[in-house]
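Read through the structure below, which is laid out as structure tokens, and then see the notes.
The values are calculated or read from the model by the stated rules, or taken from the named source; none is laboratory data. Quantities reported herein were computed from a predicted structural model and do not represent experimental measurements. A quick note on method: Cβ atoms are made from the backbone with ideal geometry, for glycine too, and the neighbour counts reach across all protein chains shown.
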Amino acid sequence: MSDKWRPATVAAQAAGAWDRDSGGVVPAIRMASTYRRGADYALENPANTYGRDDNDTVRQAEEVLRRLEGAGAALLFPSGMAAIAALFRTVPAGGRVVVQSGIYWGTTKWLRDFCARRAVTLAEVDAADTVALAAALRTPADLVWIEVPSNPWLKTADIAAAAGLARSAGAALAVDATAATPVLMRPLALGADFVMHSATKALNGHSDVVAGVLACAAPGDPRWQAVAADRHDAGAILGPVEAWLLLRGLRTLPLRLERMCATAQGLADWLCQHDAVEAVLYPGLESHAGHGVAARQMRGGYGYLMSMLVRGGHADAARVAGRLEVFHRATSLGGVESLVEHRHVIEPHSGIPETLLRLSIGIEDAEDLRADLAQALAP
Ligand code: PLP
């Protein structure tokens with residue numbers, strides 16, 4: 001395929017993949033778990049030995065992601081958490097990591113446990129506050145982990161600033177960009193060493209695959225080599241059917257994002273004016289603390305994720321969530337269908353306010369979503 005293809009073309013044409021056996025414009029799902037050798041015992045295809053790590057469908061999905069990300073290499077994992085764990089396993093026992101506070105609770109929870117088991121020092125810091133991040137990085141570290149924009153606070157750390165600070169502390173910078181996608185933001189171009197996504201979310205976009213992806217700026221980086229060896233040897237691989245579904249979902253990623261961002265921006269602007277809403281957290285709002293940074297490092301929109309604080313208490317937020325009819329009450333984000341999550345109910349001990357409702361905006365008619373929120377927020 002042409003190197004000049006822009007992201008929408010890379011995505012729509014699966015980075016140039018098609019079925020060379022049938023001539024079909026859609027690549028085949030390669031299901032084999034093992035591969036033939038000839039009479040001389042040489043592999044028929046030297047790229048493929050065994051299904052734990054060798055799969056052409058998975059490689060095709062990785063190639064699309066690599067191209068969209070502008071990365072040196074990309075690897076798929078069976079979940080976002082598996083991708084996160086693969087990178088943190090490269091931190092030596094006794095090392096030090098600096099991790100953004102108030103990010104996806106699953107990451108924080110796993111990291112606290114992992115670091116305690118490995119005797120890794122874990123510093124949790126509000127990385128959207130560059131001064132606080134700089135203070136945490138006066139002590140050398142191995143890895144800095146930020147989530148941009150963060151879930152569910154939508155904090156927007158400055159990736160270029162974080163990259164400089166990480167470098168001066170001898171650390172690599174990794175960015176969880178799940179809520180942005182490579183369509184809206186390319187952390188590697190801003191100086192990050194690694195970028196990660198829960199592909200379960202907008203990358204696949206249809207709420208029918210669990211997957212994760214890690215991409216790197218420099219495939220020769222020993223940390224990347226360790227990640228690749230660990231996936232091969234420890235076997236945290238994505239199955240070919242999931243990879244194919246992901247490839248299919250990726251075809252419409254830029255188009256979906258365009259619609260989701262436009263609707264999200266319109267709803268955020270409208271919710272801000274609503275009497276029953278105390279605050280709206282969305283980087284596309286000029287009132288948002290991270291708007292300036294987001295405007296610099298995102299393009300084409302501010303994402304599909306937002307949170308709102310409902311005026312009142314727990315019961316008021318629960319009533320609004322309970323009344324919604326178009327939004328599904330379900331965890332996760334990034335699908336074509338809009339979701340609402342009363343986060344405090346799911347993670348009561350993580351410090352999330354009881355009145356916070358997280359909204360993932362899908363591709364439905366924007367007016368239907370606005371009308372649904374209007375009836376749910378009515379007195
Ligand atoms: N990162 C973010 C920002 C997430 O929201 C999630 C899941 O919600 C994850 C990582 C973990 O991804 P997965 O559920 O695919 O393991």
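Just one of the listed residues (THR121, THR139, THR156) is in contact with a helix residue (DSSP H, G or I) (Cβ under 6 Å, 6 or more places away or on another chain), away from the ligand (no atom under 11 Å from the Cβ) and hydroxyl-bearing (Ser, Thr, Tyr), namely THR156. Only a single item in (1) closer than 24 Å to LEU184 by Cβ; (2) part of a strand (DSSP E or B); (3) hydrophobic (A, V, I, L, M, F, W, C) is not met by ALA123, and it is number (1).
Table: residues versus (1) surrounded by fewer than 16 Cβ atoms within 10 Å (Cβ to Cβ); (2) farther than 29 Å from LEU184 by Cβ; (3) not hydrophobic (A, V, I, L, M, F, W, C).
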| residue | (1), (2), (3) |
| --- | --- |
| VAL10 | no, no, no |
| ARG36 | yes, yes, yes |
| TYR41 | yes, yes, yes |
| PRO46 | yes, yes, yes |
| GLY51 | no, yes, yes |
| LEU65 | no, no, no |
| LEU76 | no, no, no |
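Taking segment 171-237 as the region of interest, none of the strands (runs of 3 or more DSSP E) fully inside it holds 1 or more residues being at pLDDT 95 or above, surrounded by fewer than 22 Cβ atoms within 10 Å (Cβ to Cβ) and within 13 Å of the ligand (Cβ to nearest atom). Within the option set VAL131, VAL183, being over 28 Å from ILE346 (Cα atoms), among the β-branched types (Val, Ile, Thr) and free of Cβ contacts under 8 Å to residues at least 12 places away in the same chain holds for one residue only, VAL131. Residues of segment 74-111 that are more than 9 Å from the ligand (Cβ to nearest atom) and either outside the structural domain of VAL241 (by TED's automatic domain parsing) or more than 20 Å from ASP193 (Cβ to Cβ) (or both): ALA93, GLY94, SER101, GLY102, THR108, LYS109, TRP110. The set of residues in segment 353-376 being in a helix (DSSP H, G or I) and buried (at least 21 other Cβ atoms within 10 Å of the Cβ) consists of LEU369, LEU373. The residues of segment 329-352 that are surrounded by fewer than 21 Cβ atoms within 10 Å (Cβ to Cβ), within 11 Å of the ligand (Cβ to nearest atom) and among the hydrophobic types (A, V, I, L, M, F, W, C) amount to a single one, ILE346. Any chance segment 38-46 includes a residue that's at negative phi, touching a residue at least 12 places away in the same chain (Cβ under 8 Å) and assigned by TED's automatic domain parsing to the domain that holds MET196? Looking for residues that are at negative phi, touching a residue at least 12 places away in the same chain (Cβ under 8 Å) and assigned by TED's automatic domain parsing to the domain that holds MET196, one finds none in segment 38-46, hence no. So which residues in segment 59-90 are in a loop (DSSP other than H, G, I, E, B) and over 21 Å from LEU333 (Cβ atoms)? Those that are in a loop (DSSP other than H, G, I, E, B) and over 21 Å from LEU333 (Cβ atoms): GLY70, ALA71, GLY72, ARG89, THR90.
The residues of segment 187-213 that are more than 9 Å from the chain's Cα centre (by Cα) and more than 19 Å from LEU165 (Cβ to Cβ), listed by number, are ASN204, GLY205, HIS206, SER207, ASP208, VAL209, VAL210, ALA211.
The strands (runs of 3 or more DSSP E) located wholly in segment 269-346 include none with 1 or more residues which are under 20 Å from LEU377 (Cα atoms) and assigned by TED's automatic domain parsing to the domain that holds ALA180.
For every residue, the table says whether it meets (1) touching a Ser or Thr at 6+ places or on another chain (Cβ under 7 Å); (2) within 20 Å of GLY239 (Cα to Cα); (3) not small (Gly, Ala, Ser).
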residue	(1), (2), (3)
ILE29	yes, yes, yes
ALA32	no, yes, no
TYR35	yes, yes, yes
ASP40	no, no, yes
PRO46	no, no, yes
ALA61	no, yes, no
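The number of residues in segment 272-284 being surrounded by fewer than 21 Cβ atoms within 10 Å (Cβ to Cβ) and under 25 Å from the mean Cα position of the chain (by Cα) comes to 1. The one condition from (1) farther than 17 Å from GLU63 by Cβ; (2) out of contact with any helix residue (DSSP H, G or I) (no Cβ under 7 Å at 6 or more places or on another chain); (3) outside any loop (DSSP other than H, G, I, E, B) that GLY249 does not meet is (1). Looking at segment 21-58 only, could you name the residues that are in contact with a helix residue (DSSP H, G or I) (Cβ under 6 Å, 6 or more places away or on another chain) and either farther than 23 Å from ALA228 by Cα or not in a loop (DSSP other than H, G, I, E, B) (or both)? Correct list: PRO27, THR57, VAL58. Against the conditions (1) within 16 Å of the ligand (Cβ to nearest atom); (2) among the β-branched types (Val, Ile, Thr); (3) surrounded by fewer than 21 Cβ atoms within 10 Å (Cβ to Cβ), VAL131 satisfies every one except (1).
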